[in-house]
Amino acid sequence: MEVNHPVSPLVKLSTGIEGFDLIAEGGLPKGRTTLVAGTAGSAKTVFAAQFLAEGIRRHQQAGVFVTFEEPPTDIRRNLLSMSWDILQWETDGLWTFVDVSPIPGMEQIEAGNFDLGALLARIEHAIRKVGAKRVAIDSLGAVFSQFTNSSMVREEMRRLGAALRNMGITAVLTAERTQEFGEIARFGVEEFVADNVVILRNVLEEEKRRRTVEILKFRGTTHQKGEYPFTVLPDSGIVVIPVSAIELKQRSSDLRVSSGNAELNRMTGGGFFQDSLILVSGATGCGKTLMTAEFIAASITHGERCLLFAYEESREQLFRNASGWGYDFKRFEEEGLLKVICAYPETAGLEDHLIRIKSHIDGFKPRRVAVDSVSALERVATNRGFREFIISLASFVKQREIPGLFTATTANLMGGPSITESHFSSITDTIILLRYVEMLGEMRRGITVLKMRGSMHEKEIREFTIDGQGMHINAPFRNIIGILSGRPEFITPAEMERMGHLFSD
Amino acid sequence: MSAQDVYLLKLYITGHTPRSAQAISNLQRICDQELADYQLQVIDVLEHPGLAEDEKILATPTLIRELPPPLRRIIGDLSNTEKVLLGLDLKPIRR
């Protein structure tokens with residue numbers, strides 16, 4: 001016998017929380033309750049409030065906020081800094097509080113059996129009053145702490161869950177966790193609202209706080225697995241950084257742009273590709289910032305905007321250095337063609353840096369981006385965090401289809417790779433190495449194009465010099481080997497000839 | 001404070017359930033026995049959710065003693081007479 005069940009597939013409701021919808025593959029399961037669990041300070045309340053706020057801002061969907069912990073006055077004030085004017089939304093009938101926060105000084109005597117019928121009635125009333133589609137309940141632990149009979153509370157919460165489902169409400173229910181890894185939440189709450197579970201973490205790792213969000217389960221529908229870093233910005237709330245959910249859908253361009261140095265253009269077989277990522281690696285002081293300046297100047301001479309993020313030097317230092325090579329950054333800025341963002345890496349967490357970089361790029365809409373240096377940001381992150389940052393930044397720039405030049409400082413003066421390089425090398429299109437070469441008791445500089453995706457390029461290591469006109473790339477180092485390994489050695493012409501013959505046939 | 005004061009009591013219930021009926025009859029009995037002058041209002045939160053919101057009622061039944069001050073709150077079906085008297089600041093007359 002054929003059974004014909006009209007099962008409609010589970011629809012997702014876009015939360016509007018940036019990045020979250022991407023890892024949730026569309027949003028939270030519509031018409032269901034999702035448990036958002038996290039330790040103290042893991043941004044549960046922000047998540048719950050933002051779920052409502054974005055519903056109002058993006059979809060004109062009214063919401064009900066049920067608060068068991070903080071009184072509405074505190075929530076309104078705390079969230080005003082996110083530019084969410086809750087009071088205005090309340091006036092407009094888009095946001096309603098159900099205030100179940102403890103009444104200060106009110107002593108409550110239990111004399112016999114009771115249930116939370118009034119709570120359910122109030123929530124249902126609030127939902128009907130504003131025609132709510134979204135409900136946030138913050139937090140479950142606080143409900144339990146108000147009553148001694150936790151099995152009654154559990155039963156009532158189950159009843160609430162069923163009522164919300166019947167009304168077709170998509171709800172976020174927050175719950176406390178006592179530890180970052182282990183049981184989902186206290187009071188065994190997952191048993192009755194376990195259809196969907198999202199976990200927010202705030203882990204101390206190598207003395208750095210790292211926030212991550214993980215979708216543990218969505219019953220009957222798909223989502224991205226694993227932890228994703230997120231940050232809480234003072235003006236826009238939670239922003240999730242969906243590292244591996246980023247699609248590799250960038251187009252590839254054959255257009256070339258000038259590197260800013262005619263000789264380097266020749267070495268790279270005609271300049272950088274329009275939409276490529278360029279990594280310039282080298283020891284301190286060997287010319288990375290100069291190469292960045294030439295890259296910028298090339299953009300500006302074509303009347304195209306360029307954005308520079310400088311994490312190693314102050315503005316004054318940078319501008320002085322640039323003028324030493326003949327580039328007037330101040331004038332470039334006045335003409336509106338250049339924007340220089342100077343920041344010390346330690347001023348913010350890596351996630352915050354990433355968000356700022358992205359918003360500057362989207363705000364200024366440059367035709368080129370340079371970051372000098374990416375490796376300076378290594379200091380404020382864990383190894384894993386830094387890898388995610390690099391991938392996320394690289395794909396963001398690629399999607400804008402503009403060339404991005406990133407510099408990385410190597411730890412060793414002569415040769416040697418850096419962490420940045422190892423994270424970056426697979427996703428960059430072009431790698432340029434700048435190296436010191438010790439020759440006859442003198443420090444000389446060498447440059448080579450290590451990789452140039454999709455194009456022929458010179459393989460030689462060329463010498464270059466720096467003066468008031470910038471960088472001058474000269475002839476290749478001929479009778480010297482071991483530059484990249486950091487142990488340059490002279491070889492006699494006879495030896496060179498012998499080696500040449502080794503491969504001749 | 002004594003049983004001679006005028007008492008204003010509000011009992012919040014959720015619908016006409018056995019538990020609501022229990023609370024009403026328990027309260028009626030205690031008041032008749034212990035209080036000389038009282039006024040009792042029974043409020044069904046299903047009919048008046050706004051009132052429940054104003055008073056921040058969470059559990060039902062909830063008994064609020066509005067007068068004499070200070071405000072007192074007792075939750076439950078009021079089957080524990082001793083607790084009710086304690087909550088109302090009344091000592092049992094007969095022991």
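The values are calculated or read from the model by the stated rules, or taken from the named source; none is laboratory data. Values in this document were obtained by computation on a predicted structure and should not be read as measured data. Because the Cβ atoms are built from the backbone with ideal geometry, glycine has one as well, and the counts that use them run over all protein chains shown. To get the accessible areas, we keep the full protein, side chains included, count just its heavy atoms, and leave off ligands, DNA and RNA. Shrake-Rupley method; radii C 1.70, N 1.55, O 1.52, S 1.80 Å.
Some observations on this one:
- 14 Å beta-carbon shell around A:Ile447, net charge (K/R +1, D/E -1): +3
- Summarising the label geometry, the points placed 7 Å from Cα in the beta-carbon direction at A:Arg379 and A:Glu90 lie 4.5 nm from one another.
- Using only the C-alpha atoms, the convex hull of region A:25-110 corresponds to 153 Å³ per residue.
- Electrostatic bookkeeping for A:Gly63 treats Lys and Arg as +1 and Asp and Glu as -1; over the other residues with beta carbon under 13 Å from its beta carbon, the sum is +1.
- Contact surface A-B: accessible area buried, both sides summed, square angstrom, 1.4 angstrom probe: 2300 Å²
- Dipole magnitude for chain A: computed about the Cα centre from +1 point charges on Lys and Arg Cβ and -1 point charges on Asp and Glu Cβ, it is near 880 debye.
- Taking the C-alpha atoms only, the angle from helix A:44-59 to the longest principal axis of chain A is near 90 degrees.
- Peptides ranked, highest mean first, by Cβ atoms within 10 Å: ranges A:322-328, A:31-37: A:31-37, A:322-328
- Here's how it looks for A:Gln274: its modeled amide H is under 5 Å from those of A:Leu255, A:Arg256, A:Val257, which are all 5 or more places away or on a different chain.
- What the pair-distance distribution of region A:126-189 shows, using all Cα-Cα distances binned every 5 Å from zero, is 4, 16, 24, 22, 18, 12, 4, 1 percent.
- Enclosed volume per residue, in Å³, of the convex hull spanned by Cα atoms of region A:313-363: 80 Å³
- Neighbour-limited loop hits for GluC sites (Glu not before Pro), region A:270-347 (at most 12 other Cβ within 10 Å; DSSP other than H, G, I, E, B): A:Glu335
- With the convex hull drawn over the C-alpha atoms of chain A, the volume per residue is 220 Å³.
- Taking the longest Cα principal axis of chain A as reference, the axis of helix A:383-399 is set at about 80 degrees.
- Rounded tilt (10° steps) of A:117-130 against the dominant C-alpha axis of chain A: 60 degrees
- Exceeding the 22 Å Cα-Cα cut-off - candidates B:Lys10/B:Lys56; A:Lys330/A:Lys365; A:Lys365/A:Lys398; A:Lys44/A:Lys398; A:Lys339/A:Lys451: A:Lys44/A:Lys398; A:Lys339/A:Lys451
- Antiparallel bridge percentage (DSSP; both residues within chain A; nearest 5): 45 percent
- Residue-averaged beta-carbon neighbours from other chains (10 angstrom radius) around A:99-111: 6
- Shown for region A:340-380 is the translational diffusion coefficient from the Stokes-Einstein equation, using the Kirkwood radius over Cα pairs, a temperature of 4 °C and a viscosity of 1.567 mPa s: 119 µm²/s.
- Partners for A:Lys12 among lysines (Cα-Cα distance below 20 Å; same-chain residues under 8 apart left out): A:Lys30, A:Lys133, A:Lys217, A:Lys225
- Averaged over peptide A:119-131, the number of partner chain Cβ atoms lying within 10 Å of each residue's Cβ comes to 4.
- Unit Cα scatterers, Debye sum, region B:3-86: log10 I(q)/I(0) for q = 0.13, 0.15, 0.24 Å⁻¹: -0.37, -0.49, -1.25
- Share of carbon and sulfur in the accessible area of the protein assembly as shown stands at 51%, probe radius 1.4 Å.
- Residues of region A:115-142 with an amide N closer than 13 Å to a point placed 7 Å from the Cα of A:Ile103 along the Cα-to-Cβ direction: none.
- With the biggest extent put first, the Cα atoms of region A:69-138 measure 45, 28, 17 Å across the principal axes.
- Integer Hz, Karplus 6.51/-1.76/1.60 couplings in order for region B:60-72, x for Gly and Pro: 10, x, 10, 9, 10, 8, 7, 9, x, x, x, 4, 10
- A 1.4 Å probe run over the protein chains yields, for the protein assembly as shown, 45 Å² of accessible area per residue, whole-number rounding.
- 12 Å beta-carbon shell around B:Pro69, net charge (K/R +1, D/E -1): -1
- Amide hydrogen proximity for A:Glu438: with H placed 1.01 Å from N in the peptide plane, the residues at 5 or more positions away or on another chain lying under 5 Å are A:Arg444.
- Region B:10-35 residues near the modelled B:Ser79 label - backbone nitrogen below 15 Å, point 7 Å along Cα→Cβ: B:17-27
- Dipole magnitude (debye, nearest 20) for region B:3-86, charges at Cβ of Lys, Arg, Asp, Glu: 240 debye
- 5 angstrom amide H check on A:Cys342, placed H, neighbours 5+ away: A:Ala310
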